[in-house]
Amino acid sequence: MEESYICNLCPRSCNVDRMAGKIGYCGQAYEVVASRAALHMWEEPCISGERGSGTVFFSGCPLRCVYCQNHSIALGKVGKTISVEELTQIYLRLEKKGANNINLVTPTHFVEPIIRSLREARTKGLNIPVVYNTGTYENVETIKRLEGHVQVYLPDLKYFDSDIAGRYSKAPDYFKVATAAISEMVRQRGKAVFAGATTDTSHVVRDMNDVIGAGGRNASTSVSGCIGEGHVEEGIMLSGVIVRHLLLPGGLEDSKKVIKYLYETYGDEIYISIMNQYTPMKDNLRMYPELNRTVTEAEYDELVDYAIELGVENGFIQEGETAKESFIPEFNMEGI
Ligand code: SF4
């Protein structure tokens, strides 16, 4: 293995030698640090299903939004250093527990060792899809390197406006960067494929999430030859792109621009997941008083109605009380 790794993996372009222990904006050196690996039931229905999604939460983050729901790990306060071999074994254990996929949460800054671990895991028999779950402050080159390793992309598109992206994530170029990365994800994975796609998959809809247009999932292409077919539950996404957008308090107009952009650019080629689960993490928000509340039902309904009026059919919405700290997983090293 090389002895240095000068990191310019993401648009922060820190240019530091992470293998020598230097730390860039993401707060992590080269070796993988993770804080939880467990079955997670509260992703979109076609990601979690009934058996759960095999989530691996990585520590550190190149984006570090001021309102982050997972701030203890994003800031790297919690986590355990693991080797590539240990990461490989974590995937295999999650598969054995019945996970419908391996869901890599905030993986950007560990892409190098992650690719090695996935290669290793496939040779050892891993046979479920890999989900790349990212805040999408990503270089296109990084996404290109994931081709063939990732089956489902689950990127956020957080902001349209550069002032908002600057204020909350210190990334005024976020929209330009994230949309270029999403474009590459769609190029790789295009139209969605679901396990058992020729049958009705509506039974996987859960209480917390509802599907705007369930019919779209049955219009997907053939599943033959897809990783995971026959190993995951019916209705689980085997290949495709779901773009998530979290509505922020007072952010309705920006959110509408995000949804409009996605629908006008990709139509029903992608799925759009519109989330209302924003939970104020009070300790972090002294400088951002406007974020110190949950979003109202009226704000969220207006955004969902807007999406429906635009014509969005392939989408997910959230229902019920989702804005609670109790829905944020405990980062207690479970499964690490
Ligand atoms: S991955 Fe981390 S060190 Fe590398 S460029 Fe991005 S923020 Fe900087």
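The values are calculated or read from the model by the stated rules, or taken from the named source; none is laboratory data. No experiment lies behind these values; they were computed from the predicted model shown. In this analysis, Cβ positions are derived from the backbone assuming ideal geometry, glycine residues included, and neighbour counts consider all displayed protein chains.
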Is there a residue in the stretch 65-78 that is aliphatic (A, V, I, L, M), part of a strand (DSSP E or B) and in contact with a strand residue (DSSP E or B) (Cβ under 9 Å, 6 or more places away or on another chain)?
no
Those residues of the stretch 42-54 which are touching a residue at least 60 places away in the same chain (Cβ under 8 Å) and of a type outside the set (Asp, Glu), in sequence order
Trp42, Pro45, Cys46, Ile47, Ser48, Gly49, Arg51, Ser53, Gly54
Quick one: how many residues across the stretch 213-262 are modelled with pLDDT of 80 or more, buried (at least 22 other Cβ atoms within 10 Å of the Cβ) and assigned to a helix (DSSP H, G or I)?
4
Check on Gly60, within 13 Å of the ligand (Cβ to nearest atom), buried (at least 22 other Cβ atoms within 10 Å of the Cβ) and either free of Cβ contacts under 8 Å to residues at least 60 places away in the same chain or hydroxyl-bearing (Ser, Thr, Tyr) (or both):
yes
Looking at the stretch 26-48, which of its residues are in a loop (DSSP other than H, G, I, E, B), within 13 Å of the ligand (Cβ to nearest atom) and either farther than 15 Å from Gly60 by Cα or touching a Pro at 6+ places or on another chain (Cβ under 6 Å) (or both)?
Cys26
Residue under question is Ser53, and the condition is that it be under 29 Å from Ile236 (Cα atoms), away from the ligand (no atom under 16 Å from the Cβ), of a type outside the set (D, E, K, R) and crowded, with 24+ Cβ neighbours inside 10 Å; does it hold?
yes
One residue from Glu95, Glu85 being buried (at least 17 other Cβ atoms within 10 Å of the Cβ), closer than 22 Å to Ile227 by Cβ and of a type in the set (D, E, K, R):
Glu95
Filter result for the condition that a residue is within 16 Å of the ligand (Cβ to nearest atom), within 26 Å of Gly49 (Cβ to Cβ) and either touching a residue at least 12 places away in the same chain (Cβ under 8 Å) or more than 15 Å from the chain's Cα centre (by Cα) (or both), over Ile128, Ile90, Ile114, Ile102:
Ile114
Is there any pair linking a residue in the stretch 295-313 that is surrounded by fewer than 11 Cβ atoms within 10 Å (Cβ to Cβ) to one that is assigned to a loop (DSSP other than H, G, I, E, B), with Cβ under 9 Å and at least six apart or on different chains, and which?
Glu297/Asn276
